[in-house]
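Read through the structure below, which is laid out as structure tokens, and then see the notes.
The values are calculated or read from the model by the stated rules, or taken from the named source; none is laboratory data. Since this is a predicted model, take the numbers as computed values, not measurements. Here the Cβ positions follow ideal geometry from the backbone for every residue, glycine too, while neighbour counts run over all protein chains shown.
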Amino acid sequence: MKQRQQQLKKLTNVVRAQVGALVCAIALTAGCSESPKPPAAPPPAQAKQQPKTAPTGTAAALAEAAKEVYTYNPAGRRDPFAPIIIKAEIKAKTSNRPPLERYNINEFKFTGIVWGGFGYNAMLEGPDGKGYFVRKGTVIGPNQGVVKKITSNSLAIEEKYKTATGETERREIIVELRKKQEGIP
């Protein structure tokens with residue numbers, strides 16, 4: 001038993017010596033690097049120095065180019081944090097709007113045209129099943145589309161909308177009276 005304890009002590013002493021030698025070797029090699037220390041940043045009060053000109057393609061020119069600091073110039077660019085799709089501000093709740101402004105234009109059914117002494121009027125059937133008369137200048141749809149022209153077989157509506165860049169553009173929607181599709185000769 002004593003012999004076993006002595007062997008165990010010798011073994012632990014050998015392991016301790018090896019671990020100590022390994023720690024010393026790591027400590028000595030960790031401090032020895034061939035790379036130079038980074039230069040200290042110049043104080044902000046100093047004036048900018050003119051860069052040294054070196055022949056192109058040399059290591060000095062590459063090191064000088066690496067030292068240049070990139071600055072971001074936002075002039076002429078959109079804000080990267082602004083939403084891409086800009087929703088128009090809603091003036092009031094849709095329930096408070098008149099029936100012609102509550103529904104989208106494509107939800108209306110263009111049923112007919114009435115003309116008389118006051119010009120052309122268009123008849124539209126809403127999704128609620130009710131009929132509405134519109135004439136030139138009537139506001140229709142949630143995007144504030146305006147009836148621009150009514151002819152004997154079509155209705156032209158102009159809507160304003162905002163693009164992703166924030167510019168306001170106009171589009172013209174032409175709705176035709178569907179005689180052939182509805183079986184009218």
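Among residues of segment 89-115 being aliphatic (A, V, I, L, M) and more than 28 Å from E176 (Cα to Cα), the one that is modelled with the highest pLDDT is I90. Across segment 132-182, which residue is surrounded by the fewest Cβ atoms within 10 Å (Cβ to Cβ) among those that are touching a Phe, Trp or Tyr at 6+ places or on another chain (Cβ under 8 Å) and in contact (Cβ under 8 Å) with a residue 60 or more places away in the chain? Filtering segment 132-182 for residues that are touching a Phe, Trp or Tyr at 6+ places or on another chain (Cβ under 8 Å) and in contact (Cβ under 8 Å) with a residue 60 or more places away in the chain, the one surrounded by the fewest Cβ atoms within 10 Å (Cβ to Cβ) comes out as E176.
Being β-branched (V, I, T), at pLDDT 90 or above and in a loop (DSSP other than H, G, I, E, B), is that true of even one residue in segment 116-139? Within segment 116-139, one or more residues are β-branched (V, I, T), at pLDDT 90 or above and in a loop (DSSP other than H, G, I, E, B).
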